[in-house]
Amino acid sequence: MSNITFGYAVCGSFCTFDKAIEQLRNLVEAGYSVLPIMSQNAYSTDTRFGRADDFVWEIEDICNKKIIKSIVEAEPIGPKKMVDLMIVAPCTGNTMAKLANGITDTTVTMAVKSTLRTGRPVLLAPATNDALSASAQNIGKLLNNKNIYFVPMKQDDPAKKPASVVADFSLILPAALAALDGKQLQPILL
Ligand SMILES: Cc1cc2nc3c(=O)[nH]c(=O)nc-3n(C[C@H](O)[C@H](O)[C@H](O)COP(=O)(O)O)c2cc1C
């Protein structure tokens, strides 16, 4: 059992939930404590990729903890030193836009702000169809931010979705360990 605690914040990229939950399970099975967090959209939206209640049940079962699902619940994460590093996986274009511009109106943006406030690192695993269009400027800003790191990522379908980029979720743990050491796992572009 490790003495490291990861925050694991899930945003509304519903098509990547399976991959995100698989890595969440890997972290727990590797002996890390994980504090689960979901954006209000991720926590409450049923989509063609599954029912919100089913994902909530599965995540709480894996972590053996209740999900943090409101700004009020997320606010003490930093000051109470509840996590060593905050992982956001998947991180939507919406959440990156807010983070890049200092907007804190969701559970996940509050969890990130609260973590950064105490100088602890944040690791983003982007999954968005507009990473190389509308979100590109936000990714650029975040790359230039102290204590923000990225899970290495790549274009997932350059022919059909030329602006889409998705993190390689299997690299979440190595990227998290590098970030805890103050380093960006390279290469950042796969
Ligand atoms: C079925 C479905 C799939 C979506 N997939 C993505 C996605 O992969 N990436 C993304 O950035 N947004 C995606 N969205 C849009 C986000 O859910 C939306 O921007 C939402 O406001 C995100 O809120 P959050 O960032 O607080 O979780 C999707 C929406 C739906 C309904």
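Numerical summary
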read-out: Single match in Ile71, Ile4, Ile87 (criterion: in contact with an Asp or Glu (Cβ under 7 Å, 6 or more places away or on another chain) and at pLDDT 95 or above); value: Ile4
read-out: Residue match in the stretch 21-30 (condition: without any contact (Cβ under 8 Å) to a residue 40 or more places away in the chain and farther than 17 Å from Phe6 by Cβ); value: no
read-out: The stretch 16-43, subset within 12 Å of the ligand (Cβ to nearest atom) and assigned to a strand (DSSP E or B), residue surrounded by the most Cβ atoms within 10 Å (Cβ to Cβ); value: Ile37
read-out: Asp46 within 11 Å of the ligand (Cβ to nearest atom), among the acidic types (Asp, Glu) and at pLDDT 95 or above; value: yes
read-out: Looking only at the stretch 59-80, and only at residues there that are closer than 22 Å to Ser170 by Cα and within 17 Å of the chain's Cα centre (by Cα), the one that is surrounded by the most Cβ atoms within 10 Å (Cβ to Cβ); value: Ile59
read-out: Cross-chain or 6+ apart pairs with Cβ under 6 Å, the stretch 1-15 first and under 26 Å from Ser164 (Cα atoms) and near the ligand (Cβ under 6 Å from one of its atoms), then β-branched (Val, Ile, Thr) and in a strand (DSSP E or B); value: Phe14/Thr47
read-out: Conditions (1) surrounded by 15 or more Cβ atoms within 10 Å (Cβ to Cβ); (2) outside any helix (DSSP H, G or I): number failed by Ser2; value: (1)
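The values are calculated or read from the model by the stated rules, or taken from the named source; none is laboratory data. Just so you know, these numbers come straight off a predicted model, no measurement behind them. Cβ coordinates were reconstructed from backbone atoms using ideal geometry, including for glycine residues, and neighbour counts include every protein chain displayed.
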